[in-house]
Amino acid sequence: MVRSLIAFVTALTAAVAHPSATPPSPATAKPLVWEVKWDQARCLLMRRTQEARPLAFVVAVTPGLPRVELWLANGPEAVSRSREVRHFDLVTSPGNDPPLKVALGTEMVPGSRILTISAGSDFLDRLGRSASLTIADGQEHIVDFDLAGAAKAVAALRECEDGILREWGVDPAALAGLRKLPKVVGRPPDILEGKDYPREALRARATGLLLVRLDVTAAGRVSACAVVRSSGRADLDDRGCELWVRNGRFEPGLGADGAPSPAKIVSMFVWSLPPH
């Protein structure tokens, strides 16, 4: 999940010493400026603390996909004692939003940890109106993060997302204007049988993540597919689009009037090797 950003976070934390065995708890972040970056298939919003052991806070969005990932590099010991997924409360303030239950997974990189949190796209609205963010374990605050300036930072992240969508041939205003996005029906076509894997790619044990733009009709069929981020192999790209057009079935999107509407959307296609 976080592999495409490991080099980014590794560079960010390259000068950081190994974490101490007993970091202060809670760890209170001292903020620097927000930064927005583009990393392969994601718009990234980053904030880094000013301590000797910096804590990097990264919000990652793949344009067009309804999911937000949060990454914490050099996360505190209290949330990264093992590689097992653990559950915590994510609290933003001020506001009346209830705590968000989040699952954290840990990925190790040289000199740091990456903790991953997945949330829905509405989390950006919540982040933009917040002054602080806390990860808590029950009543215990593990990390307190100052989010001063988050509204402008989230707006910049959305500008990045909208700009990339336009480059990919998706009108962000039309996408946002849908009352309901198309929803894939049944088994998505990225669950493959061995016969679907291109022969040469299978022989090379090739895998890859493919992002495509799909034209979904008002009847829920895929009328066209275009690659917006290659898997790295033309045969995997071509077969991926072929499968979406052949097998992709959607509950159609709904326009502002509530009627079925055609839509251009972004979808992810993961090529993973079938079992032997």
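Name every residue in region 221-237 that is without any contact (Cβ under 8 Å) to a residue 40 or more places away in the chain and either of a type outside the set (Lys, Arg) or surrounded by fewer than 17 Cβ atoms within 10 Å (Cβ to Cβ) (or both), in order of residue number.
Going through region 221-237, the residues without any contact (Cβ under 8 Å) to a residue 40 or more places away in the chain turn out to be 221-225, 227, 230, 232-237.
Within region 221-237, Arg221, Val222, Ser223, Ala224, Cys225, Val227, Ser230, Gly232, Ala234, Asp235, Leu236, Asp237 qualify.
Determine whether Ala155 is in contact with a helix residue (DSSP H, G or I) (Cβ under 9 Å, 6 or more places away or on another chain), assigned to a helix (DSSP H, G or I), closer than 21 Å to Trp38 by Cβ and not aromatic (Phe, Trp, Tyr).
When the stated conditions are applied, Ala155 passes them.
Against the condition modelled with pLDDT under 75, more than 30 Å from Glu251 (Cβ to Cβ) and loosely packed, with under 14 Cβ neighbours inside 10 Å, how does Pro94 come out, does it pass?
No, not satisfied.
(1) surrounded by 14 or more Cβ atoms within 10 Å (Cβ to Cβ); (2) charged (D, E, K, R); (3) under 30 Å from Met46 (Cα atoms): which one isn't true of Asp196, the others all being true?
(3)
Kindly indicate the residue of region 258-276 that is more than 23 Å from the chain's Cα centre (by Cα) and modelled with pLDDT of 85 or more and also farthest from Ala218 (Cα to Cα) among those meeting that condition. So that I can check it myself, show each step before the final result.
So in region 258-276, the residues more than 23 Å from the chain's Cα centre (by Cα) come out as 258-262, 274-276.
Subset that is modelled with pLDDT of 85 or more: 258-262.
On the way: Gly258: 12, Ala259: 9, Pro260: 5, Ser261: 5, Pro262: 4 Å.
Ranking the qualifying residues of region 258-276, first place goes to Gly258.
Hey, Leu165 hits all of (1) within 18 Å of the chain's Cα centre (by Cα); (2) at pLDDT 95 or above; (3) surrounded by fewer than 12 Cβ atoms within 10 Å (Cβ to Cβ) but one; which does it fall short on?
(3)
Checking the condition modelled with pLDDT of 95 or more and among the small types (Gly, Ala, Ser), which residue from Ala204, Ala224 passes? Full working, then the answer.
Details: Ala204 fails: modelled with pLDDT of 95 or more.
Being modelled with pLDDT of 95 or more and among the small types (Gly, Ala, Ser) holds for just one of Ala204, Ala224, which is Ala224.
For region 227-276, which positions are over 19 Å from Leu209 (Cα atoms) and part of a loop (DSSP other than H, G, I, E, B)?
Answer for region 227-276, where residues must be over 19 Å from Leu209 (Cα atoms) and part of a loop (DSSP other than H, G, I, E, B): Pro252, Gly255, Ala256, Asp257, Gly258, Ala259, Pro262, His276.
If you check Ala119 against the conditions, is it at pLDDT below 90 and small (Gly, Ala, Ser)?
Judged against the criteria, Ala119 is a match.
Per-residue answers, yes or no, for (1) more than 20 Å from Pro63 (Cβ to Cβ); (2) surrounded by fewer than 18 Cβ atoms within 10 Å (Cβ to Cβ); (3) in contact (Cβ under 8 Å) with a residue 24 or more places away in the chain:
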position	(1), (2), (3)
Gly120	no, yes, yes
Phe123	no, no, yes
Ser132	yes, yes, yes
Gln139	yes, yes, no
Asp146	yes, yes, yes
Ala153	no, no, yes
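Please determine whether any residue of region 207-215 is of a type in the set (A, V, I, L, M, F, W, C), more than 18 Å from Ser272 (Cα to Cα) and modelled with pLDDT of 95 or more.
Narrowing region 207-215 to residues of a type in the set (A, V, I, L, M, F, W, C): 209-212, 214.
Now restrict to residues that are more than 18 Å from Ser272 (Cα to Cα): 214.
Retained after the next criterion (residues that are modelled with pLDDT of 95 or more): 214.
Among the residues of region 207-215, at least one is of a type in the set (A, V, I, L, M, F, W, C), more than 18 Å from Ser272 (Cα to Cα) and modelled with pLDDT of 95 or more, which makes the answer yes.
The values are calculated or read from the model by the stated rules, or taken from the named source; none is laboratory data. Treat the numbers as computed from the prediction; the structure is a model and nothing was measured. Cβ coordinates were reconstructed from backbone atoms using ideal geometry, including for glycine residues, and neighbour counts include every protein chain displayed.
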